[in-house]
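What follows is a short report on a single structure.
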Amino acid sequence: MQTIKTTNLVKRYKDLTAVNKLCLEIEQGELFSLLGVNGAGKTTTLKMLSCLTKPTDGDAIVGGFSITKEAEQVKRLIGVSPQETAVAPNLTVKENLELFCGIHGFTKEKTQMKIKELSGLFSLDDVLQRKVGRLSGGLKRRVSIAMALISEPKILFLDEPTLGLDVIARHDLWDTIRSLKGSVTIILTTHYMEEAAALSDRIGIMKHGRLLALGTVEELKKKAGSDDFEAAFVSIVKEETV
Amino acid sequence: MRMMTFAKRCTKEILRDPINLGFGLGFPLVLLLLLSAIQANIPVNLFEIDTLTPGITVFGLSFMTLFSATLIAKDRETALLQRLYTTPLTASDFIMGYMLPLLPIALGQTVICYLFAVPLGLTVSVNIIYAVIGMIPMAVFNISLGLLCGSIFSVKQVGGICGALLTNLSAWFSGVWFDLELVGGLFGKIAYALPFVHAAEMEKALFNGRFELAGAHILPILLYSLLISAVAVFAFLRQMKKQ
């Protein structure tokens, strides 16, 4: 069953076409990665799908609702963890989680239950009372993703979730993301080939706003005629093989 | 409910910033102390505590602009605001959530200034209560100005514009440091075209129980508050749409 379907999605900024007639279908429970070099249109696609910016043309159906006509309904289904660690720095981890519980209208009991559940899932129990601004980059990312999951979203958007993290923090976060697979549809953007290969069910490769290739890691390697995924990516992007 | 949750968060962010507390509360109190000490050592009545304190409370409000502008600009730069736009919070939740917490902080700052001035010789009367309540329109002006600046400037720009420029504008054009009648001319005309001197004069009048005189100054303050509030809401909605 499709959770996301984009139809000729376009985003233009004056002379620049950031996303160009994107057609994409993502299945329920799938972990789908958008891969591409800088300026490929990954973040813009995520921004349109999460109703942060309106498409110039085309439309997308997210969880059964149109992003152009039913943004409010879409917002109730999604969770977003932006590229930057978007947290309230002077608030503790617990207060950040409480903030998002309050915004989503949770009762006191549900808030306590949710915090317990997410702090367990993201191993945040020991830092619940610490101010987020004083945490390491890896912990901040975990808090950021935990905040995105508070609303019990059906669809989770992760924009470069491991950007700037060290190897250990990155692998820890991968484990957490893997644990979410199946229950939530995850759309992830990344620059890291190994991240996309390790986590994704399917990968879409973008360049200059266009979708160049789409498939599983094995399908993309086969398409590029390479045994190495990074080499396959470079080949697809350079040759623009579709 | 959602708006109150967001407002609570904004209150915590502001009150937990030591620089905010240091400047917003500490600086006006240091000025009161310093100028009172100067007054004690000069033969003319330049900084009498009964006229100085209402003026300092008006000057202190300029820090509310800095607080709200810094908070909003920071939220924009760290993408927290962008993330919150993907939640069910509405535009009015954001605007009220940013503005409401600062009103009690502004009034609290005013009360602390008056209490601090009592041991320095301030005349204690019921009029202090009226003077505190009379601060509300000017507080709204300053908070709205913060919403406006935070919606259009970066954190760095806010520091310069609200932290340095506005606090100086408020100080020079409020007539707290010197009698504007003595300067007169273009400077005086500009000062009376702005709300700062009207707020300072209204505060002094309320503190002295001269309510008719206070009434004469309230109109420009109300007009400025309404105008800046409307522009601030427009600017906030515009940047919200841009995000």
Quiz item: Among (1) more than 23 Å from residue B:98 (Cα to Cα); (2) at the interface with another protein chain (Cβ under 10 Å from one of its Cβ atoms), where does residue A:120 come up short?
Solution: (2)
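When you go through A:177, A:186, A:205 one by one, which is the residue that is under 19 Å from residue A:80 (Cα atoms), in a strand (DSSP E or B) and open to solvent by less than 10 Å² (accessible area, probe 1.4 Å)? Can you show your working first?
Details: A:177 fails: in a strand (DSSP E or B); A:205 fails: under 19 Å from residue A:80 (Cα atoms).
Checking each option against the conditions leaves just A:186.
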Quiz item: Out of all the residues in region A:11-48, which are part of a strand (DSSP E or B), without any contact (Cβ under 8 Å) to a residue 60 or more places away in the chain and farther than 13 Å from residue A:187 by Cβ?
Solution: A:12, A:13, A:16
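If you take the residues in region B:87-109 that are of a type in the set (Val, Ile, Thr) and within 12 Å of chain A (Cβ to nearest Cβ), which one is surrounded by the most Cβ atoms within 10 Å (Cβ to Cβ)? Talk me through it step by step, then tell me what you get.
So in region B:87-109, the residues of a type in the set (Val, Ile, Thr) come out as B:87, B:90, B:95, B:105.
Now narrow it down to the ones that are within 12 Å of chain A (Cβ to nearest Cβ): B:87, B:90.
Working: B:87: 22, B:90: 12.
Only one residue fits best here, namely B:87.
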Exercise. Output the qualifying pairs, or none if there are none: Cβ atoms under 6 angstrom, residues six or more apart or on different chains, first residue in region B:220-243 and open to solvent by 70 Å² or more (accessible area, probe 1.4 Å), second residue not aromatic (Phe, Trp, Tyr).
Key: B:222/B:137; B:237/B:91
Self-check item: So residue B:143, is it crowded, with 22+ Cβ neighbours inside 10 Å, within 14 Å of another protein chain (Cβ to nearest Cβ) and under 25 Å from residue B:224 (Cβ atoms)
Solution: no
Practice problem: Being β-branched (Val, Ile, Thr), more than 20 Å from residue B:239 (Cβ to Cβ) and free of Cβ contacts under 8 Å to residues at least 40 places away in the same chain narrows it down to one of B:136, B:128, B:105, B:112, so name that one. | Solution: B:136
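For the structure I just gave you, tell me whether residue B:160 is surrounded by fewer than 17 Cβ atoms within 10 Å (Cβ to Cβ) and either over 30 Å from residue A:45 (Cα atoms) or touching a helix residue (DSSP H, G or I) at 6+ places or on another chain (Cβ under 9 Å) (or both).
Details: surrounded by fewer than 17 Cβ atoms within 10 Å (Cβ to Cβ): yes; either over 30 Å from residue A:45 (Cα atoms) or touching a helix residue (DSSP H, G or I) at 6+ places or on another chain (Cβ under 9 Å) (or both): yes.
Yes: the conditions hold for residue B:160.
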Quiz item: Quick one: which of B:181, B:203 is crowded, with 23+ Cβ neighbours inside 10 Å and charged (D, E, K, R)?
Solution: B:203
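If only one of A:41, A:29 is away from chain B (no Cβ under 14 Å) and surrounded by fewer than 23 Cβ atoms within 10 Å (Cβ to Cβ), which one is it? Full working, then the answer.
Numbers: A:41 fails: surrounded by fewer than 23 Cβ atoms within 10 Å (Cβ to Cβ).
The unique qualifying residue is A:29.
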Quiz prompt | Pick from region A:57-79, criterion of a type in the set (Val, Ile, Thr) and closer than 22 Å to residue A:146 by Cα, ranking: farthest from the other protein chains (Cβ to nearest Cβ) | solution = A:62
Exercise. May I ask you to list pairs of residues, at least six apart or on different chains, whose Cβ atoms are under 8 Å apart, with the first in region A:182-205 being under 17 Å from residue A:218 (Cα atoms) and the second being open to solvent by less than 10 Å² (accessible area, probe 1.4 Å) and part of a helix (DSSP H, G or I)?
Key: A:199/A:177; A:203/A:196; A:203/A:220; A:205/A:220; A:205/A:236
Quiz item: Is there any pair linking a residue in region B:142-162 that is outside any helix (DSSP H, G or I) to one that is at pLDDT 90 or above, with Cβ under 8 Å and at least six apart or on different chains, and which?
Solution: B:153/B:69; B:153/B:73; B:154/B:73
Quiz prompt | The lone exception for residue A:79 - which of (1) open to solvent by 10 Å² or more (accessible area, probe 1.4 Å); (2) over 20 Å from residue A:165 (Cα atoms) it fails | solution = (1)
Quiz item: Under 6 Å by Cβ, and 6 or more places apart or on different chains, what pairs join a residue from region B:73-86 that is within 18 Å of residue A:103 (Cα to Cα) and at the interface with chain A (Cβ under 8 Å from one of its Cβ atoms) with one that is open to solvent by less than 10 Å² (accessible area, probe 1.4 Å) and among the hydrophobic types (A, V, I, L, M, F, W, C)?
Solution: B:79/A:86; B:80/A:86; B:83/A:86
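Could you pull out the residue among B:237, B:148, B:186, B:206 that is away from every other protein chain (no Cβ under 14 Å), within 18 Å of the chain's Cα centre (by Cα) and more than 20 Å from residue B:49 (Cβ to Cβ)?
Details: B:237 fails: within 18 Å of the chain's Cα centre (by Cα); B:186 fails: within 18 Å of the chain's Cα centre (by Cα); B:206 fails: more than 20 Å from residue B:49 (Cβ to Cβ).
Every option except B:148 fails the conditions.
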Practice problem: State whether the residues of region A:151-158 include one that is buried (at least 23 other Cβ atoms within 10 Å of the Cβ), facing chain B (nearest Cβ under 10 Å) and not in a loop (DSSP other than H, G, I, E, B). | Solution: yes
Exercise. Please find, within region A:142-193, the residue that is modelled with the lowest pLDDT out of those that are over 20 Å from residue A:50 (Cβ atoms) and small (Gly, Ala, Ser).
Key: A:164
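Would you check which residues across region B:8-61 are part of a helix (DSSP H, G or I), more than 24 Å from residue B:196 (Cβ to Cβ) and either within 14 Å of another protein chain (Cβ to nearest Cβ) or among the polar types (S, T, N, Q) (or both) and list them?
If the condition is that a residue be part of a helix (DSSP H, G or I), more than 24 Å from residue B:196 (Cβ to Cβ) and either within 14 Å of another protein chain (Cβ to nearest Cβ) or among the polar types (S, T, N, Q) (or both), then B:8, B:9, B:10, B:11, B:12, B:13, B:15, B:18 are the ones that fit.
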Practice problem: Quick one: residue A:51 ticks every box in (1) facing chain B (nearest Cβ under 8 Å); (2) part of a helix (DSSP H, G or I); (3) buried (at least 19 other Cβ atoms within 10 Å of the Cβ); (4) of a type outside the set (A, V, I, L, M) except a single one, so which number is it? | Solution: (2)
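The values are calculated or read from the model by the stated rules, or taken from the named source; none is laboratory data. Remember, it's a predicted structure, so these values are computed and weren't measured experimentally. Every residue, glycine as well, gets a Cβ built from its backbone with ideal geometry; the counts of neighbours run over all protein chains shown. When the accessible area is computed, the model is the full protein with side chains, heavy atoms only, and any ligands, DNA or RNA have been set aside. Shrake-Rupley method; radii C 1.70, N 1.55, O 1.52, S 1.80 Å.
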